[in-house]
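See below for the structure under consideration.
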Amino acid sequence: MSDTKHVGKVTVRVLTNRAQGFYALMGPYLSRRAIAADLGGTLWDDDDKTWFVATSADRKTVYGFCAARPAARGRTAYLSAYVLPAYRRQGVYRQLWDARRERFPGPAQATCTEASLPLFLAAGWTVSGQRGVYRRVVAP
Ligand SMILES: CC(C)(COP(=O)(O)OP(=O)(O)OC[C@H]1O[C@@H](n2cnc3c(N)ncnc32)[C@H](O)[C@@H]1OP(=O)(O)O)[C@@H](O)C(=O)NCCC(=O)NCCS
């Protein structure tokens, strides 16, 4: 676990893998073993994902990111949420969460970890099942 670094003002960028600069921004985090281990699977750069990337105001430091993509029955899947260990517990995911919910407010689903479950429950999501150590959650 790395030392905590102070998170300053957070900028949330919204982009897909077709955006100029996407791979320069996200490349270092795709296919990283430590991140895949934390997430329970590879961080794929699927074409239909919309990414929310939290950076410092000067856009030079990535704090974390999450994504959304279309799922079955008109739902949106919330996935790929990750905040770099040094920047955790400073509200980065909360800001990513708000930006994603604002962009995709309708029915949604996710498979979430213990660390992310409280935010889902606080937002009124309900647990619909279990996949290994992960909880399936849905929003109406
Ligand atoms: C889950 C994760 C994205 C949270 O990021 P974060 O920026 O540290 O989260 P925030 O600071 O915005 O915290 C928001 C709330 O989430 C909950 N939370 C965050 N980390 C938690 C943890 N380790 N354990 C329990 N609850 C946690 C708390 O309710 C927290 O609110 P609080 O700090 O006021 O108590 C981050 O811990 C992470 O990347 N974990 C590894 C990957 C992962 O689990 N991803 C989620 C996939 S669904």
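Straight-distance candidates among the aspartates and glutamates for linking to residue 5, with alpha-carbon spacing under 15 Å and chain neighbours fewer than 8 residues away dropped, are absent. Averaged over its residues, region 2-105 has an accessible area of 57 Å² per residue, based on protein heavy atoms and a 1.4 Å probe. Along the charge dipole of the chain, pointing to its positive end and built from +1/-1 on Cβ of Lys, Arg, Asp and Glu, which listed residue (122, 56, 68) has its Cα farthest out? The listed residue farthest towards the positive side: 122.
Among the protein heavy atoms of the chain, carbon and sulfur supply 50% of the accessible surface, probe 1.4 Å, non-protein parts ignored. When the alpha-carbon atoms of region 68-121 are used, the pair Rg, Dmax equals 11.6, 37 angstrom. Per residue, the average separation of C-alpha pairs within less than 8 Å and at least 6 apart gives region 77-140 a relative contact order of 32 percent. Note on residue 136/residue 103: beta-carbon distance plugged into 1/(1 + (r/R0)^6) with R0 of 30 Å gives a FRET efficiency of 0.85.
In summary, the convex hull built on the alpha carbon positions of the chain has an orientation-averaged projected area of 8.3 nm². In a fully extended conformation the segment linking residue 19 and residue 60 would gain 13.1 nm over its present Cα-Cα distance, using 0.36 nm per residue. Taking a sphere under 14 Å around the Cβ of residue 130 and counting the other residues whose Cβ falls inside, with K and R at +1 and D and E at -1, yields a net charge of +2. In order along region 6-23, the phi-based Karplus estimate (6.51 cos²θ - 1.76 cosθ + 1.60, θ = phi - 60°) of 3J(HN,Hα) comes to 5, 8, x, 5, 9, 10, 10, 9, 10, 7, 10, 6, 8, 5, 4, x, 4, 6 Hz; Gly and Pro are listed as x. Of the whole protein surface, residue 47 contributes about 110 Å² of accessible area at a 1.4 Å probe radius. Multiplying the residue separation of residue 89 and residue 75 by 0.36 nm and removing their Cα-Cα distance gives an extension gain of 2.2 nm. Nearest 10 degrees, 0 to 90: what angle lies between the long axis of helix 92-103 and the longest principal axis of the chain (Cα atoms)? Taking the Cα atoms of the chain, the angle to 92-103 is about 60 degrees. When only the Cβ of Lys, Arg, Asp and Glu is charged (+1, +1, -1, -1), the dipole of the chain relative to its Cα centre reaches about 120 debye.
The values are calculated or read from the model by the stated rules, or taken from the named source; none is laboratory data. Please read all numbers here as calculations on a predicted model, not as lab measurements. Note: ideal-geometry Cβ built from the backbone for every residue, glycine included; neighbour counts use all protein chains shown. Remember, those area values only see protein heavy atoms, side chains included, never the ligands or the DNA or RNA. Shrake-Rupley method; radii C 1.70, N 1.55, O 1.52, S 1.80 Å.
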